[in-house]
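One structure is given below, encoded as structure tokens.
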Amino acid sequence: MSRTIMFVFAHPDDETFTSGGTILELAQQTDTKTILYSATPGDAGKCGEPPLCTREDLATFRRRELEEASRLLRIDDLIIDDFQDGKLSDLPSGVLKNRVIKQLQVVKPDVVVTFPPHGLSGHPDHKAIQQATLQAVQETSSEVKELYYATFPQSVASETGNPAFSDPDEAISLVKSFSQEHMNVVKEALLAHKTQHLSVERVFPTIKQDSAFMKFNNKEYFICAWQHPQYNSGPLLT
């Protein structure tokens with residue numbers, strides 16, 4: 001059975017930090033199509049140190065960086081919207097939700113993946129895209145069967161100090177484990193976000209030196225947050 005998995009996030013680099021290993025694994029399956037939607041081009045992010053571009057050019061740079069990361073993760077279709085970075089929570093009610101609904105109606109994904117309600121870092125944009133995505137999935141008549149949150153168990157957050165927010169271990173629905181070779185590609189995708197190297201290095205201080213990159217024990221964690229009431233088959237994100 002063919003399936004389409006859509007990842008819905010706020011900024012370039014959200015996809016690799018949260019789900020890079022899973023996206024790459026899914027892309028390697030011939031019956032699976034992967035779609036990435038980024039609500040903003042990341043225009044309020046960092047420009048690197050020393051700066052790799054001007055503030056005015058940052059959105060263009062980050063679009064290119066996301067295109068390169070998507071190529072490495074073998075994403076089939078990339079959609080970068082033009083909402084202003086850092087302002088998603090300030091949008092009039094329903095604007096972001098309706099944009100996500102429109103994307104769902106076009107893409108018709110079987111599964112949607114986004115942030116958990118706390119947004120992992122607590123970033124207002126992360127929380128805004130989560131809320132909009134949940135509402136869109138629940139309200140649209142598209143073919144979405146499941147919604148997952150890409151998250152971290154409390155045990156991992158306590159062990160590593162990242163991210164700032166997590167979920168109880170017992171709430172985790174799915175744990176994916178990856179080989180070292182697999183995660184080395186994810187490393188390259190993280191490093192493709194060159195302007196954001198300070199954020200990457202804050203979470204992974206030795207990423208540029210490590211020949212064997214370790215991303216949170218090379219595991220990614222998900223909560224099944226919603227299922228269509230008429231969907232009775234097994235999970236689709238496996």
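The values are calculated or read from the model by the stated rules, or taken from the named source; none is laboratory data. Quantities reported herein were computed from a predicted structural model and do not represent experimental measurements. Please note: Cβ atoms are built from the backbone with ideal geometry, for glycine as well, and neighbour counts cover all protein chains shown. Note: accessible area is taken over every heavy atom of the protein model, side chains too, but ligands, DNA and RNA are not part of it. Shrake-Rupley method; radii C 1.70, N 1.55, O 1.52, S 1.80 Å.
Run through the DSSP bridge list for the range 97-238 and note the antiparallel percent, rounded to the nearest 5.
65
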On a full-extension model of 0.36 nm per residue, what is the gain between S158 and R64, subtracting their alpha-carbon distance, rounded to one decimal in nm? 30.4 nm
Hey, what do the phi angles of the range 132-137 turn into as Karplus ³J(HN,Hα) couplings, whole Hz, using 6.51/-1.76/1.60 and θ = phi - 60°, x for Gly and Pro? 5, 5, 4, 5, 5, 4
In whole Å, what is the distance between the alpha-carbon centres of the range 162-186 and the range 1-38? 14
State, as an integer percentage, the relative contact order of the chain based on alpha-carbon contacts under 8 Å between residues 6 or more apart. 24
Of K102, K215, K145, K46, which has the most accessible area with a 1.4 Å probe, and how do the rest follow in descending order? K102, K46, K145, K215
Per the 1/(1 + (r/R0)^6) rule, R0 = 45 Å and r from the Cβ atoms of T238 and D57, FRET efficiency to 0.05 is 0.65
DSSP-defined antiparallel bridges as percent of all bridges, the chain, nearest 5: 35
I'd like the distance separating the alpha-carbon centroids of the range 72-100 and the range 190-219, in whole Å. 25
Förster radius 45 Å - calculated FRET efficiency between K194 and Q138 (Cβ-Cβ, nearest 0.05): 0.75
Per residue accessible area in Å² of the range 1-144, where ligands, DNA and RNA are left out and the probe is 1.4 Å: 42
Under a 1.4 Å probe, counting only protein heavy atoms, H123 has an accessible area in Å², nearest 10, of 60
Show the residues, 5+ positions off or on another chain, whose built amide H is closer than 5 Å to the amide H of D85. G42, D43, A44
If I histogram all Cα-Cα distances within the range 165-222 using bins 5 Å wide from 0, what percent of pairs lands in each bin? 4, 17, 25, 21, 16, 13, 4, 0
Restrict the search to the range 155-238; then list the chymotrypsin sites (Phe, Trp or Tyr not before Pro) that DSSP places in a loop and that have at most 16 other Cβ atoms within 10 Å of their Cβ. Y231
Quick one: which of K46/K208; K46/K87; K97/K176; K33/K176; K97/K219 span more than 26 angstrom between C-alpha atoms? K97/K176; K97/K219
Mind checking the alpha-carbon convex hull of the range 1-154 and giving the volume per residue in Å³? 115
Mind checking which of Q84, Q29, Q103 has the largest fluctuation in a GNM of the chain, springs on alpha carbons under 10 Å? Q29
Rg/Rg_ref, the range 76-161, where Rg_ref = 2.2 N^0.38 Å and atoms are Cα: 1.16
Taking placed amide H atoms and a strict 5 Å upper bound, the residues 5 or more places from D167 or on another chain that come that close are F152, Q154
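Mind putting a number on the dipole of the chain about its Cα centre? Charges go on the C-beta only, +1 for Lys and Arg and -1 for Asp and Glu, and I need it in Debye to the nearest 20.
The dipole of the chain has a size of about 160 debye.
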